[in-house]
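Enquirer: Take a look at this one; I'll ask things after.
No value in this document is a laboratory result; all are computed from the given coordinates. This one's a predicted model, so the numbers in the text were calculated from it and none came from an experiment. Every residue, glycine among them, receives a Cβ derived from its backbone with ideal geometry; neighbour counts consider all protein chains shown.
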Amino acid sequence: MVSDDGRPLTLADIARLAGVSRSAASRALDATAPVGGAKADRVRAVAAEYGYVPNSWAANLRRQRTGLIGVVVPRLTDTVMATLYEAIVEDASSRGYQAAVVTTGDDPRKELDRGRALVKQRVDGFILTTARTDGADPFLLELKEKSIPHALALRTDGGSPAAVIDDRAGGEMATRHLLERGHRRIAFIGGPAHASSSQGREAGFRAAMEEWGVSIGPGTIHHSDFSVDAGLEITDRLLALAEVPTAVFTANDSLALGVMSAAQRAGVSVPDQLSVVGFNDTPLAARLAVPLTSVKVDFARIAADALDLLLSPAATDRPAVQPHLVERASVASI
């Protein structure tokens, strides 16, 4: 990528070779807001021919941007969060941005401290998957007070721009699937009570049970922390009941994995004695010894919607992404 006199090609050289102004060449090669038209196509063709790569660092300095997006997640040991973060990295990169992640353990104090550290790095904005509906979210409140660009993903606080799944619809389809196969003693294991995703999935569970005229008895609904260990611990309690559930719907696949592990440990067959449905359809779901029926979520779409909300000033709230059920071997009819 050098000129005839041996020096590196500059943006001015590309503009001259394409027969356009320097500003027009700059706009054509701006990955964050690419323009269309014959001139822009010609600029990109010349840049590709000569192997020219725009100096995004210099461009960001001119715009007073760093090209860095902060991503805040509860934990990366959660396959859902890791999958979403990878999707954000890929989509952000295609727009000329990089993503830096911090984990919080769903602890508001850690979120505040670690989020502020990213603010000091002058990130251009935040995507948060840690939103709470209980008001105990000081970092999100600080972002609002200081007008720092941000968008939420997977969870919502009910006020900020958010890219979410139709959790209620997913909860209904999972529960209805079990009801259609004859199950009536169905337990629900949710995530934290402050997470809108868990709330929506529980609402869907309740709606489907009511639709079918099935009462929700004591000990039917449980809240947890979305972890495998929580699924194990709660299932141990369920299996000790006088009337053991014939099926369990969990708010994510990690909880479902805990349910299946506890069942195996207790000598309870899945699905012959206990049917299980998860949520998110993470890659592991199809690879278990008993492949897991799960509600599939399009994480690439969630990531793209969140970035649109964060980076496009004119962007409006996106409709909730519609999930669908992936049927596998973890559910039996009774």
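Enquirer: Sorted from largest down, what three extents in whole angstroms do the Cα atoms of segment 167-297 have along their principal axes?
Expert: Projected onto the principal axes, the Cα atoms of segment 167-297 cover 33, 33, 26 Å.
Enquirer: Could you tell me which of SER312, ALA332, ALA300 has its Cα farthest along the dipole of segment 241-334 towards the positive end, charges placed at Cβ (Lys, Arg +1; Asp, Glu -1), taken about the Cα centre?
Expert: Among SER312, ALA332, ALA300, the one farthest towards the positive end of the dipole of segment 241-334 is ALA332.
Enquirer: So, one more: Could you work out how far apart the two model spin labels at ASP317 and GLU180 are, taking each label as a point 7 Å from the Cα in the direction of the beta carbon, and quote it in nm?
Expert: The two pseudo-label positions are separated by 3.0 nm.
Enquirer: Antiparallel as a % of all DSSP beta bridges within the chain, to the nearest 5?
Expert: Just about 10 percent of them are antiparallel.
Enquirer: Name the longest site-free stretch of the chain, where the excluded sites are GluC sites (Glu not before Pro) in a DSSP loop with no more than 12 other beta-carbon atoms within 10 Å.
Expert: In short, 1-242.
Enquirer: Further question: Can you compute 3J(HN,Hα) from phi for each residue in segment 67-74, using the Karplus curve 6.51 cos²θ - 1.76 cosθ + 1.60 with θ = phi - 60°, rounded to whole Hz and x for Gly and Pro?
Expert: x, 10, 10, x, 10, 10, 10, x
Enquirer: Which listed residue (ALA285, MET81, TYR50) has the Cα farthest towards the positive end of the charge dipole for the chain, taking +1 on Lys and Arg C-beta and -1 on Asp and Glu C-beta about the Cα centre?
Expert: About the Cα centre, the residue reaching furthest to the positive side is TYR50.
Enquirer: Continuing with this model, one more query. To test your reading of the geometry: what angle, between 0 and 90 degrees and rounded to tens, separates the Cα axis of helix 196-211 from the longest principal axis of the chain?
Expert: Result, in degrees: 40.
Enquirer: Can you give the local net charge around ALA117? Use residues other than it whose beta-carbon is closer than 12 angstrom to its beta-carbon, Lys and Arg +1, Asp and Glu -1.
Expert: Numbers: positive: LYS110, ARG114, ARG116, LYS120, ARG122; negative: GLU111, ASP113.
It works out to a net charge of +3.
Enquirer: Sticking with this one: Taking segment 124-179 as the region of interest, what is the percent of Cα-Cα pairs per 10 angstrom bin, listed from the shortest bin to the one with the maximum distance?
Expert: The percentages, shortest bin first, are 22, 44, 20, 11, 3.
Enquirer: Based on DSSP H runs of at least 4 residues, each adding -39500 (n - 2.57), what is the mean residue ellipticity at 222 nm of the chain after dividing by all its residues, to the nearest 500 deg cm²/dmol? Show your work: numbers first, answer last.
Expert: Numbers: 12 runs with 141 residues, N = 334.
Helices in the chain give a 222 nm mean residue ellipticity of -13000 deg cm²/dmol.
Enquirer: Can you tally the lysine pairs in the chain where the Cα-Cα distance is under 29 Å and the two residues are eight or more apart, or on different chains?
Expert: 5
Enquirer: Per residue and in cubic angstrom, what volume does the convex hull of the Cα atoms of the chain have? Before the final figure, lay out the partial values.
Expert: Values: hull volume 52.9 nm³, N = 334.
It is 158 Å³ per residue.
Enquirer: Okay, moving on. Assigning unit charges at the beta carbon (Lys, Arg +1; Asp, Glu -1) and nothing else, what dipole magnitude in debye, to the nearest 20, does segment 167-297 show about its Cα centre?
Expert: 180 debye
Enquirer: Can I ask one more? Can you give me the Cα centroid spacing of segment 66-105 and segment 123-146 in angstrom?
Expert: 15 Å
Enquirer: Can you bin segment 61-144 into rounded, prolate or oblate? Criterion: square roots of the alpha carbon gyration tensor eigenvalues sorted a ≥ b ≥ c, rounded for a/c under 1.5, prolate for a/b above b/c, oblate for the rest. Mind showing how you got there, number by number?
Expert: Numbers: a/c = 2.24, a/b = 1.26, b/c = 1.78.
Oblate.
Enquirer: Per 5 Å bin from zero, what fraction in whole % of the C-alpha pairs of segment 159-233 is there, up to the bin with the longest pair?
Expert: Pair shares across the bins are 3, 16, 24, 25, 18, 9, 4, 1, 0.
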